[in-house]
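Undergrad: Okay, here's the structure, questions in a sec.
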Amino acid sequence: MGAYIEMGKLFVISGSSGVGKGTLLKLFLDKHPEFKLSVSCTTRKPREGEENGVNYFFLSTEEFNNLIKNDEFLEWAEFSCNMYGTQKAYVERKLSEGKNLILELDTTGALNVKKVMPEACLIFILPPSMEELESRLRGRHTESEDAIQKRLNTVKIEIERSNQFDYKIVNDDLEKALLELENVMCK
Ligand code: 5GP
């Protein structure tokens, strides 16, 4: 008789930029090796230090379009002229290996995944407040006023969409947010 492997669980985490989602996720993943961050496909060029198959599967536009044509994506989206997508076969393989898989997606992508895989658990990371988020974004000193206003508008839309998520976690205190994430994901 073959060994029985329990299917892994699928989680989708969304949260606006500046919300500290990356730091929170890194802390969680370091502590819980039984969870794996999904590797998406993209047509954007690798940044310095990024590796194919580790950060992304870097594809040509033609390769990406072929995957769309063959209905191989669980979901996909275009941001700043680059395409990003999560392959169905990749997710199915990881889950059947018993891995708990985390997709880090924008809210549209997350809600699209939920349509296809209703068992996916959607978690939204909220900023403590709009004021706090605004000051975090300004504190980065990397963007123009116009770009900051655009981001804040996107955040408002995303927060509205997050009403359709299974859980919302406010990241006002990193340790507290980590505990809440563990309560949701490790039960
Ligand atoms: P970056 O180019 O900075 O790595 O990512 C740009 C955006 O693409 C981020 O908001 C990221 O969450 C999103 N993204 C990465 N992979 C996927 C994916 O597979 N699907 C969707 N919908 N968005 C993704």
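Undergrad: log₁₀ I(q)/I(0) of the chain at q = 0.11, 0.18 Å⁻¹, via Debye over equal Cα point scatterers, no solvent, to two decimals?
TA: The computed values of log10 I(q)/I(0) come out as -0.53, -1.38.
Undergrad: Using just the Cα positions, wrap region 126-182 in a convex hull and report its mean projected area in square nanometres, one decimal place.
TA: On the way: hull surface 17.3 nm².
Computing the convex hull of the Cα atoms and averaging its projections yields 4.3 nm².
Undergrad: Report, to the nearest whole %, how much of the accessible area of the chain belongs to carbon and sulfur atoms, 1.4 Å probe, protein only.
TA: 51 percent
Undergrad: Related question: Take every Cα-Cα pair in region 70-156 and report what % of them are more than 17 Å apart. Could the numbers behind the result be given before it?
TA: Values: 2270 of 3741 pairs.
Here the tail beyond 17 Å accounts for 61 percent of pairs.
Undergrad: Continuing with the same structure: With a cut-off of 8 Å between alpha carbons and a minimum separation of six or more residues, what is the relative contact order of the chain in percent? Walk me through the numbers on the way to the answer.
TA: Working: 261 pairs, mean separation 59.6, N = 187.
This gives 32 percent for the chain.
Undergrad: I would also like to ask the following. Could you tell me which GluC sites (Glu not before Pro) in region 1-75 are loop residues by DSSP with no more than 10 other beta carbons within 10 angstrom of their beta carbon? Present the calculation step by step, with values, prior to reporting the outcome.
TA: Numbers: sites: Glu6, Glu34, Glu48, Glu50, Glu51, Glu62, Glu63, Glu72, Glu75; in loops: Glu6, Glu34, Glu48, Glu50, Glu51, Glu72.
Hits after loop and neighbour filter: Glu6, Glu34, Glu48, Glu51.
Undergrad: Another question about this same structure. Given C-alpha coordinates of region 103-154, what is the ratio Rg to Rh with the Kirkwood estimate of Rh? Display every interim value, and only then the final one.
TA: On the way: Rg = 14.4 Å, Rh = 13.0 Å.
Result: Rg/Rh = 1.11.
Undergrad: In whole angstrom, and with the biggest value first, how far do the Cα coordinates of region 1-57 range along each principal axis?
TA: That gives 46, 25, 18 Å along the principal axes, largest extent first.
Undergrad: Now for a separate question. Return the long-range amide H neighbours of Phe73 (sequence gap of 5 or more, or a different chain), with a cut-off of under 5 Å between placed amide H atoms.
TA: Lys88
Undergrad: Which trypsin sites (Lys or Arg not before Pro) in region 1-98 sit in a loop by DSSP (not H, G, I, E or B) and have at most 12 other Cβ atoms within 10 Å of their own Cβ? Please list the in-between numbers first.
TA: Values: sites: Lys9, Lys21, Lys26, Lys31, Lys36, Arg44, Arg47, Lys69, Lys88, Arg93, Lys94; in loops: Lys9, Arg44, Arg47.
Filter output for region 1-98: Arg47.
Undergrad: On to the next question. Using the heavy atoms of the protein chains alone and a 1.4 angstrom probe, what is the accessible area of the chain per residue in square angstrom? Each step should come with its number before you reach the end.
TA: Details: 10730 Å² over 187 residues.
The answer is 57 Å² per residue.
Undergrad: Now for a different question. For the chain, what is the percent of antiparallel DSSP beta bridges, rounded to the nearest 5?
TA: On the way: 8 of 28 bridges.
Within the chain, antiparallel bridges account for around 30 percent of the total.
The values are calculated or read from the model by the stated rules, or taken from the named source; none is laboratory data. Keep in mind that this is a model prediction, so the values were computed, not measured. Using ideal geometry, Cβ is built from the backbone for each residue, glycine included, and neighbour counts are taken over all protein chains shown. Each accessible area value is taken on the protein alone, full model and side chains, heavy atoms only, with ligands, DNA and RNA left out. Shrake-Rupley method; radii C 1.70, N 1.55, O 1.52, S 1.80 Å.
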